[in-house]
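Trainee: Structure in structure tokens, see below.
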Amino acid sequence: MKITIKPGREKSLLRRHPWVFASAIQPFDSPIASGSTVDLLAPNGSFLARASYSPTSQIRARVWTFTDESVDKEFFRKRIKTAIEVRRRLKVEGQSDSYRLIHSESDGLPGFVVDRYDEVLVLQSTTAGSEFWKETIADILVEETGIQNIYERSDVDVRELEGLKPIIGNLRGTLSSFLFPITEHNLKFNIDIQHGHKTGFYLDQRENRHRVGELAKDRDVLNCFCYTGGFSIHALANGAKSVLSVDSSADALALLEENIALNRVPADRHTTLEGDVFQLLRKFRDENRSFDMIILDPPKFAPTAAHAEKASRAYKDINLLAFKLLRHGGILATFSCSGGVDASLFQKIVASAALDAGTEATIIEHLSQGGDHPVSLHFPEGAYLKGLVCVKG
Ligand code: SAH
């Protein structure tokens with residue numbers, strides 16, 4: 001099938017951006033099957049790209065290739081082999097047995113996320129195109145990695161926009177235990193691939209957990225939005241004086257307790273608190289509590305730019321309170337995983353939080369997602385995680 005792009009709307013494709021919106025496509029008669037491969041043509045009829053078609057999504061087509069090549073099993077094998085090679089060069093396996101193997105658009109495979117947790121792959125398919133090729137991709141993954149177990153966690157809301165229902169379960173293999181430990185920088189974490197957030201763990205924070213952990217020695221640490229204790233365990237393992245971990249999810253906190261036992265870090269230096277970070281930070285302020293290090297790693301407040309304003313207020317609120325609770329010389333490690341808030345806006349929000357808290361602060365490190373979550377230069381949306389490590393002056 002061939003689809004012609006409206007005059008002027010081919011510009012983003014010429015810049016190799018992989019998305020084509022419904023409004024950019026010239027009307028056509030015969031229906032196109034969900035997920036099938038289409039040729040995208042410029043208004044003058046010349047070939048632009050080969051893409052998957054999503055009949056119900058506003059992102060109507062996602063590019064597989066800008067080259068006039070067949071999109072078939074061997075095409076996908078090439079892409080997957082390249083993705084595997086990139087991780088090999090990063091030497092990520094020397095640091096962890098778990099990492100992202102396929103990062104969607106940035107690995108040339110829109111709609112596919114594949115995370116490796118030791119000897120299990122967890123696959124998430126989010127688009128009509130990825131659904132169309134899912135079985136083929138699963139076969140290639142088994143062939144190229146030698147890993148027999150692929151678990152599917154295609155239960156994200158965006159599938160609805162593609163007309164797809166949630167799917168969870170074994171895609172390959174016969175895995176019967178979905179809770180098992182992985183190793184990250186010599187620390188162990190129990191991962192729940194069936195019920196955990198994302199595919200089970202926030203792999204994108206691996207390097208930042210390590211780095212922030214190193215800075216935690218001899219400090220009283222408050223870890224906000226702690227999930228299963230990634231930053232907390234790293235801090236305890238690096239000699240933090242005390243760690244207070246806060247999250248609203250009882251399930252995540254139960255796993256955190258298991259993770260403390262698993263690593264034999266000093267449990268007597270750790271406290272868990274279930275609750276809402278926004279409220280607890282206020283309570284701590286009213287009680288005149290203070291800390292030497294505060295970690296803020298909230299969920300995505302702004303999935304898209306449309307949510308940026310409301311999200312900015314939420315980021316400012318928690319960062320302002322954190323600056324107030326920090327002792328002089330204290331460290332704030334603050335993150336945003338919102339695609340709708342870019343690095344420069346995030347830095348401005350943190351600056352205005354420091355200003356309103358009446359404090360000086362300097363940035364000592366800029367952090368981002370690990371290299372196993374690469375960013376295609378043509379798809380800046382792929383760069384979503386940013387972090388600042390600030391010292392209160
Ligand atoms: N830092 C973690 C990942 C944090 S993900 C890691 O390295 O693994 C964000 C966490 O925020 C989730 O665990 C979620 O349960 C929690 N959360 C979301 N809203 C919250 C709120 N208002 N108060 C407390 N926790 C919240």
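The values are calculated or read from the model by the stated rules, or taken from the named source; none is laboratory data. These numbers were taken from a predicted model, which means no experiment stands behind them. Cβ coordinates were reconstructed from backbone atoms using ideal geometry, including for glycine residues, and neighbour counts include every protein chain displayed. The accessibility values were calculated without ligands, DNA or RNA, using every heavy atom of the protein model including side chains. Shrake-Rupley method; radii C 1.70, N 1.55, O 1.52, S 1.80 Å.
Trainee: Expected output is a single nm value to one decimal: the length gained when fully extending between THR271 and GLU365, i.e. 0.36 nm times separation in residues minus the C-alpha distance. What is it?
Mentor: Gain in length upon complete extension: 31.1 nm.
Trainee: Explain nothing, just the number: relative contact order of the chain, from Cα pairs under 8 Å at least 6 residues apart, as a whole percent.
Mentor: Computed over the chain, the figure is 12 percent.
Trainee: Note the full-extension length gain between GLN194 and SER249 as 0.36 nm times their separation in residues minus their Cα-Cα distance, in nm to one decimal.
Mentor: So the chain would gain 18.2 nm between GLN194 and SER249.
Trainee: What does the convex hull of the alpha-carbon atoms of the range 288-393 project to on average, in nm²?
Mentor: Its average projected convex-hull area is 6.7 nm².
Trainee: State in Å² the accessible area per residue of the range 73-178; use a 1.4 Å probe, count heavy atoms of protein chains only, and round to the nearest integer.
Mentor: Per-residue accessible area for the range 73-178 comes out at 43 Å².
Trainee: For a quick check: with amide H placed at 1.01 Å from N, whose amide H comes under 5 Å from ALA361's, ignoring anything fewer than 5 positions away on the same chain?
Mentor: GLY393
Trainee: Next question. Spin-label point model (7 Å from Cα, Cβ direction): what's the GLN148 to ALA42 distance in nm?
Mentor: Going from the GLN148 label point to the ALA42 one covers 5.2 nm.
Trainee: Would you mind getting me the FRET efficiency between SER176 and ALA351? Use the beta-carbon distance for r and R0 = 45 Å, nearest 0.05.
Mentor: Approximately 0.35, to the nearest 0.05.
Trainee: While we're here: With a 1.4 Å probe and every protein chain left in place, work out the accessible area per residue of the range 202-392 in Å², rounded to a whole number.
Mentor: Averaged over the residues of the range 202-392, the accessible area is 42 Å².
Trainee: Gain in length, THR65 to ARG282, computed as 0.36 nm per residue apart minus the alpha-carbon separation, to one decimal in nm?
Mentor: Extra length from THR65 to ARG282 when fully extended: 73.1 nm.
Trainee: Among the trypsin sites (Lys or Arg not before Pro) in the range 244-285, which ones are in a DSSP loop with at most 13 other Cβ atoms within 10 Å of the Cβ? Mind listing them?
Mentor: ARG264
Trainee: Another question, then. Out of all DSSP beta bridges in the chain, what portion is antiparallel? Express it as a percent rounded to 5.
Mentor: 65 percent
Trainee: Here's something else I'd like to know. Would you work out what percent of the accessible area of the range 63-142, with all protein chains in place, is carbon or sulfur (probe 1.4 Å)?
Mentor: 47 percent
Trainee: Taking θ as phi - 60°, what are the ³J(HN,Hα) couplings along the range 192-199 by the Karplus curve (6.51, -1.76, 1.60), each to the nearest whole Hz, with x for Gly and Pro?
Mentor: For the range 192-199, the Karplus curve yields 10, 6, 7, 10, x, 5, 6, 9 Hz.
Trainee: Taking the Cβ of PHE75 as the center, what net charge do the other residues with Cβ under 14 Å away carry, scoring Lys and Arg +1 and Asp and Glu -1?
Mentor: Spelling it out: positives minus negatives among the neighbours equals -1.
Trainee: Ignoring ligands, DNA and RNA, what percent of the 1.4 Å accessible area of the range 202-392 is carbon and sulfur?
Mentor: 52 percent
Trainee: Can you check how the C-alpha radius of gyration of the chain compares to 2.2 N^0.38 Å, as a plain ratio?
Mentor: The chain yields a ratio of 1.05.
Trainee: If amide H atoms are built 1.01 Å from N in the plane of the peptide, which residues on other chains or at least 5 residues away come under 5 Å of the amide H of ARG60?
Mentor: VAL20, PHE21, ALA22
Trainee: Using Cα springs under 10 Å in a Gaussian network model of the chain, which residue among HIS210, HIS195, HIS234 shows the largest mean-square fluctuation?
Mentor: Of HIS210, HIS195, HIS234, the most mobile in the Gaussian network model is HIS195.
Trainee: With the other protein chains left in place, how much accessible area per residue, in square angstrom, belongs to the range 2-65 at a 1.4 angstrom probe?
Mentor: Using a 1.4 Å probe on heavy atoms only, each residue of the range 2-65 averages 47 Å².
Trainee: Here is a further query. With each run of n ≥ 4 DSSP H residues scored as -39500 (n - 2.57), what mean residue ellipticity at 222 nm is computed for the chain after dividing by its residue count and rounding to the nearest 500 deg cm²/dmol?
Mentor: -9000 deg cm²/dmol
Trainee: Place +1 on the Cβ of every Lys and Arg and -1 on the Cβ of every Asp and Glu in the range 202-392, take the dipole about the Cα centre, and give the residue among PHE225, GLY239, GLN205 whose Cα lies farthest towards its positive end.
Mentor: Projecting each Cα onto the dipole axis, the largest value belongs to GLY239.
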